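To start, the structure itself, in structure tokens.
The values are calculated or read from the model by the stated rules, or taken from the named source; none is laboratory data. Owing to the predicted nature of the structure, the values given are computational and were not obtained by experimental measurement. Cβ sites come from the backbone with ideal geometry, for glycine too, and all protein chains shown count toward neighbours.
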Amino acid sequence: MFDLQGLNIYPIGMMGCGKSTIGPILAAHLGYGFLDTDTTIEKLVGQSIAELFASVGEPEFRKIETQVLAEVSAYTRLVVATGGGIAIERENWNHLHQGLVIWLDPSIDILVERLQGDTTRPILATSKDLQSKLEQLLAERRHRYSEADIHIQIDRPLTADEIVARILTAIPTVLKTPIPIPD
């Protein structure tokens, strides 16, 4: 395969893009551990993300999210599924850039299909028009997401295994191989 030298892998992207679904599959292929920052936060605070958002608000949630990412990034050999908004905080990029960042970028139509009727996403809770809200969020976040090392565009429904195969094909294209020093 290829040698990641223990680099963590950070899938980023919009909610519903598949980070938590592909994460464990990718980790298994790489012989890595898997961690989901949202699940870690929920265990840490004893509340769901929606409850935490409601009780402390988005700014405080983002601080907790940054704290968890900072702690997680100290480890190696992990695939870390991140929350959809983790990339908007500049400080988080200090941690993300210590690993390999992969932007999962499905079309808005795919996101709408996946998120229709999902009541667990606090940012979508007040939205009357899911498509417009997702377009707005993506417009706000695209410039940050584009800082990823790898961009996986998904313009038609793919299985998790197909997406992982695309990632595994893309990883060697961005790895820096050491240049041998002549004797």
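General remarks:
- In this entry, G16 passes the filter for residues that are out of contact with any Asp or Glu (no Cβ under 6 Å at 6 or more places or on another chain), assigned to a loop (DSSP other than H, G, I, E, B) and of a type in the set (G, A, S).
- Only one of L7, L26 that is assigned to a helix (DSSP H, G or I) and touching a residue at least 12 places away in the same chain (Cβ under 8 Å): L26
- Residue match in segment 71-87 (condition: β-branched (V, I, T), exposed (fewer than 13 other Cβ atoms within 10 Å of the Cβ) and either under 17 Å from L26 (Cβ atoms) or in contact with a Phe, Trp or Tyr (Cβ under 9 Å, 6 or more places away or on another chain) (or both)): no
- Filtered by the rule that a residue be assigned to a loop (DSSP other than H, G, I, E, B) and either in contact with a Cys (Cβ under 9 Å, 6 or more places away or on another chain) or surrounded by 13 or more Cβ atoms within 10 Å (Cβ to Cβ) (or both), segment 30-70 gives Y32, Q47, S48.
- Applying a threshold of 9 Å to beta carbon distances and a minimum spacing of six or more residues, or different chains, the list of pairs starting in segment 100-126 at a residue that is without any contact (Cβ under 8 Å) to a residue 12 or more places away in the chain and ending at one that is crowded, with 17+ Cβ neighbours inside 10 Å and among the basic types (K, R) reads T126/K133.
- For segment 109-161, a tally of residues being loosely packed, with under 14 Cβ neighbours inside 10 Å, out of contact with any strand residue (DSSP E or B) (no Cβ under 8 Å at 6 or more places or on another chain), not charged (D, E, K, R) and not in a helix (DSSP H, G or I) returns 8.
- Residue match in segment 88-98 (condition: assigned to a loop (DSSP other than H, G, I, E, B), within 24 Å of L52 (Cα to Cα) and out of contact with any Asp or Glu (no Cβ under 7 Å at 6 or more places or on another chain)): yes
- Residues that are more than 20 Å from L134 (Cβ to Cβ) and hydrophobic (A, V, I, L, M, F, W, C), drawn from segment 85-101: W93, L96, L100, V101
- Residues of segment 1-41 that are more than 13 Å from the chain's Cα centre (by Cα) and hydrophobic (A, V, I, L, M, F, W, C): M1, F2, L4, L7, I25, A27, A28, L30, I41.
- A170 being touching a residue at least 24 places away in the same chain (Cβ under 8 Å), within 17 Å of V101 (Cα to Cα) and in a helix (DSSP H, G or I): yes
- Looking across segment 1-22, the residues that are among the aliphatic types (A, V, I, L, M) and either at pLDDT 95 or above or surrounded by fewer than 24 Cβ atoms within 10 Å (Cβ to Cβ) (or both) come down to M1, L4, L7, I9, I12, M15, I22.
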